[in-house]
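These notes concern the structure reproduced below.
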Amino acid sequence: MLLAVSVLTMTRMCAQYDAAFTNYWALQSYFNPAASGLEGHLDIQAAYSMQLAGFEDAPATMLATADLPLFFLSPRHGVGAGFMNDNIGLFSNKKMYLQYAYHQPLWGGRLSVGARVGLLNETFDGSKLDVIDGGDPAFATNEVDGMALDVDAGLRYTYKKVWYVGLSAMHLTGPTVKLGDDKMHETSVPQLFYLTGGCTVKFKQPQYALYTSAILRSDLQAWRGDITARLAYNGERLHLYGGLTYSPTISVGLLLGTTFHGLKIGYAYEMYTSGIGALHGTHEIVLGYEMDLSKFKKGKNLHKSVRIL
């Protein structure tokens with residue numbers, strides 16, 4: 001069973017190295033570094049995705065990100081940082097990164113350009129692998145790991161808060177992670193491209209809105225697309241949303257969430273349409289926090305002392 005999961009793991013890694021999040025629309029700065037600091041506030045996000053629920057050694061992914069504008073320089077500058085840990089079978093993939101974005105007003109909206117530099121760390125626990133020929137050099141028999149430099153980049157155009165479109169490229173250098181002290185084992189990480197977009201539909205009742213979004217990801221060999229729609233209630237203090245998501249030939253999903261005093265909580269369940277069963281889908285939780293930084297803007301709220309006349 002464990003070997004079978006490991007083989008499936010390798011198949012997934014070759015087709016798509018990065019994990020797919022159901023709540024991709026909430027993790028904008030992860031999928032495109034050009035979104036760093038775009039919203040004008042400190043934005044902290046954490047997501048946990050448990051895929052193929054009920055299966056032993058099933059994939060589980062944790063992500064934590066933070067981004068903000070550099071108001072002391074100019075709101076055109078944004079920075080961010082993040083950490084990702086993806087466990088699947090006998091593999092554990094980690095990524096730590098820093099990113100930067102520049103936002104230029106254009107045609108009533110903003111054109112953003114972003115870049116990211118990170119470190120990939122991959123671990124394979126061969127001590128848990130049960131193979132017939134224990135002397136096969138193709139399989140590590142102990143825990144081995146390795147690191148490699150990783151570079152990402154992205155473009156994004158945002159028209160006010162009405163719609164956006166973005167294009168990003170992950171693993172631009174196609175890094176190869178060599179595992180173990182002898183470097184006998186290695187994993188090649190393919191380039192991965194994301195095309196994202198979204199649109200906000202307003203109603204006559206201003207407290208209601210429909211948010212639509214889509215993402216297409218591909219390594220130019222395999223691809224996956226997701227389409228999502230969320231109906232939201234935006235009250236003075238409480239924000240609620242519910243929605244549906246669909247990935248052709250892969251899954252359908254349900255989303256629920258709320259925002260209260262800057263704290264965001266979201267849950268999604270993704271059910272696969274491949275016939276493995278409705279109860280063996282993906283559970284995903286997203287937590288976030290927003291802090292308005294406008295009061296720290298350069299030159300805001302300046303006043304003269306009453307002692308100086």
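Only the coordinates and a few stated rules stand behind these numbers; no lab work does. Since the structure is predicted, the reported quantities are computational estimates derived from the model, not experimental observations. Using ideal geometry, Cβ is built from the backbone for each residue, glycine included, and neighbour counts are taken over all protein chains shown.
Structure values in brief
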read-out	value
Sorted by Cβ density within 10 Å, fewest first, the residues Ile227, Ile88	Ile227, Ile88
Local electrostatic count at Ser92 - Lys and Arg +1, Asp and Glu -1, tallied over other residues with Cβ under 9 Å	-3
Residue order, fewest to most surrounding Cβ atoms within 10 angstrom, among Asp150, Asp43	Asp150, Asp43
Neighbourhood net charge (15 Å Cβ-Cβ; Lys/Arg +1, Asp/Glu -1) for Lys202	+4
Per DSSP, loop chymotrypsin sites (Phe, Trp or Tyr not before Pro) in segment 202-261 with at most 14 further Cβ within 10 Å	Phe203
Diffusion constant of segment 165-247 at 10 °C, which comes from Stokes-Einstein with the Kirkwood Cα-pair radius and 1.306 mPa s, µm²/s	100
